[in-house]
Every structure is written in structure tokens, then in C-alpha cells.
1. Sequence neighbours fewer than 8 away in the same chain don't count; with that in mind, list the lysines whose C-alpha is under 24 Å from residue 176.
2. Going by the alpha-carbon gyration tensor, a ≥ b ≥ c the square roots of its eigenvalues, is region 47-186 rounded (a/c under 1.5) or, if a/c is not under 1.5, prolate (a/b greater than b/c) versus oblate?
3. Along the charge dipole of the chain, pointing to its positive end and built from +1/-1 on Cβ of Lys, Arg, Asp and Glu, which listed residue (21, 133, 121) has its Cα farthest out?
4. Around residue 183, what is the net charge, scoring Lys/Arg as +1 and Asp/Glu as -1 over all other residues with Cβ under 10 Å from its Cβ?
5. Order these peptides, 151-163, 118-130, by their mean beta-carbon neighbour count within 10 angstrom, highest first.
6. Which net charge results when you count Lys and Arg as +1 and Asp and Glu as -1 among the other residues whose beta-carbon is under 13 Å from that of residue 51?
7. Which of the chymotrypsin sites (Phe, Trp or Tyr not before Pro) across region 6-50 are loop residues per DSSP, with 16 or fewer other Cβ within 10 Å?
8. At 0.36 nm per residue, minus the direct Cα-Cα distance, what do residue 47 and residue 69 gain on full extension? Give it in nm, one decimal, please.
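Bear in mind these aren't lab numbers, they're just calculated from the coordinates by the rules spelled out. Given the structure is predicted, the values throughout are model-derived calculations rather than measurements. Methodologically, a virtual Cβ is constructed for each residue, glycine included, from the backbone with ideal geometry; neighbour enumeration extends over all protein chains shown.
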Amino acid sequence: MAGRIAYHYTQKKQIARKAAALVSDYETIMIENGSCCALLAEELAATKKELTIITNSGFIADFIRKKTDFQIILLGGIYQHDSQVMVGPLVKDTASHFLVDKFFIGVDGYDDKAGFTNKDQMRAQAVNDMASQANELIVVTESDKFSQRGTVPLRLEDKKIKIVTDDLLSQNTKTKLENKGYTVIN
């Protein structure tokens, strides 16, 4: 994960700052795994007070543990070593104990027909299980992900979605996304 944070670092930090502006002090939020999500957690640790972060990411919990006095709730599940994330039915069970206004997620790609996509079925299921506990989904991802596609559709169409991305997103892509009902912040 640390290596992925360095890739497009400037864009990811920009995304993290914009996404952090959507969070208020004392809020309880969910954050899924991914490099933009990790940098969001770091930005929140530097700029917000007394948050509770619920995550399925062991990496994020460890990444900010020394930088904050936030409460970090790590959802249970099967540990995927390469992504340092919890997946499986325990994620759904433990996530069901919480209701949040905002859930920040990373994606591996986007398809005009299928919507947001992921590369891993178990991670995609964890996203869906966590998303069912949130009022609003906020996708945090680099603009180049809108020209890529993962193999697993996330099927998030029934939720209100904001997209926070970098300023390299083309106006054509932004217009297409807004026409689908997404709010785009870039």
C-alpha cells in the first residue's frame, strides 16, 4: 500500500484535502481501503478534532494510529495480506452495528454501463456491506480511474454519491458523471 500512495501522490493529496473539507469535527465516518482513503485519513488526523473512523483497513488504522487521538474502529473479517484489509461476512456483521452519514471509498475504475468497479470480489462485497450503513457515499479517486475498469461492479446506484477527484478530470467526463446524478468535486 505504501508504494501505491507514492503513485500520483500530488493528485491524491489534493483529493484528500477536498474530501476532508466534507467532514466536520466530532463526526463518525466510515473509510474503506485504498491510497486516496489512507491520505484522507491522514488529512483528517491533521485537521479535525475527535472523529470516530470506522474502517475495514488495517493499513489505515496503523497509518494514523500515532498521529491522532481519534477513535478508530476496525471492522472484523478475513485479513487480506496484500491490501491489509478485512473482507468476508464478518465485515457485514460488524458494520451492521453502525449508522453513519458519510462513507468514503476508493475504486479501481469506472464503466459507463456498470458504474464504479473493483478488482477484487471480496473487497467489492465489503464495500457494499459497509455502504448499506451510510447515507452518502463519497468516492475518492484519481481522474485516470475513469478511463480504467475493474472486473467487479460495485452496484452502488441506489445511493447518493459524491465523487472527489483531481483537477485533471476532463470536462466531458465530468458532464457524463453529473448527467448520471453524481455530484463531482474536482
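1. 12, 18, 102, 113, 119, 145, 159, 160, 162
2. Values: a/c = 1.75, a/b = 1.45, b/c = 1.21.
In terms of gyration-tensor shape, prolate.
3. 21
4. 0
5. Values: 151-163: 16.8, 118-130: 21.2.
Ranking, from highest mean packing down: 118-130, 151-163.
6. Result for the neighbourhood of residue 51: -3.
7. Loop-located and lightly packed - 7, 26.
8. Length difference between fully extended and current span is 6.7 nm.
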